[in-house]
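In what follows, a single structure is set out as structure tokens and then discussed.
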Amino acid sequence: MLAAERKTRILDLVTRNRSVMVTALSQELGVTEETIRRDLNKLEKEGLLSRTHGGAVALKGEAEDLPYRTRHLINIGAKRLIAQKASVLVKDGDAVMMDSSSTAYETLRGLGNRRDLTLITNSVRVLSDPSLPAYTIMSVGGELRRRSMTFVGPLASQTIAQFNADVALISCKAISLAGGLMDASLADAEVKRAFIASAQRVCLLVDGEKFDKTALISICGFEPIDFVVTDREPSPEWRDLFERNKVKLIV
């Protein structure tokens, strides 16, 4: 395992479990404890975790409030698998709304052969990426949250409401059978609701780790969702819920 891959795996584990120990990481990743300590020290210097005696802990706050780079690395393999499957839902000439989630960004990166796309987004990462093809890209404006590099607030929601997009690509913090889609931030939830209301087709990009979890803010139920794209087979209860709400599941 390369050093970059090892650090990504460490960051994934510490974010999921909230804490990790050097001994356990050494055994799981097949490297010496000294190597793990160096990796943890580097990750701490990069502002991605906090060192403790014998290990490390996740930064305080929900994942959506972490720096974009941190969020992007979490469960990156699942995000890329979801992105590959979701890319078929975007057609040439589509107007595409996309939130600031790293999964939506990975999906965008897989659309290189699509032509004449119009992107409407609150993601500074998308707006500033020089490697993207010559799409028409529109910012929703609003209040800039520097830590997550996203635009939120009433102005963002009002701008989104003026559009009628073909498809919206969104993610969220958690989903549950009873609670629907949930997020950690009221501001993010409001923007996602606006995207959902302004698109003809809504695609929820969500990895298996987010099933049967809860978060602070409710976004919506599953009634307005047209597609759920995930990386693993959900339980029969989830399949029944999707069928009742006429949601097409893509695994």
* Asked: For the range 71-250, what's the relative contact order in percent, using C-alpha pairs closer than 8 Å and at least 6 residues apart?
  -> 20 percent
* Asked: Based on the inverse mean of 1/r over its pairs of different Cα atoms, what is the Kirkwood hydrodynamic radius of the chain, in Å?
  -> 18.9 Å
* When the helix-only estimate is applied to the chain (DSSP H runs of n ≥ 4, each -39,500 (n - 2.57), divided by the residue count), what is the mean residue ellipticity at 222 nm, nearest 500 deg cm²/dmol? -> -10500 deg cm²/dmol
* Please work out the Cα convex hull volume for the range 3-60 and give it in Å³ per residue. => 66 Å³
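FYI, it's all coordinate maths here, none of it is from the lab. On a predicted model such as this, the values are computed, not experimentally measured, just so you know.
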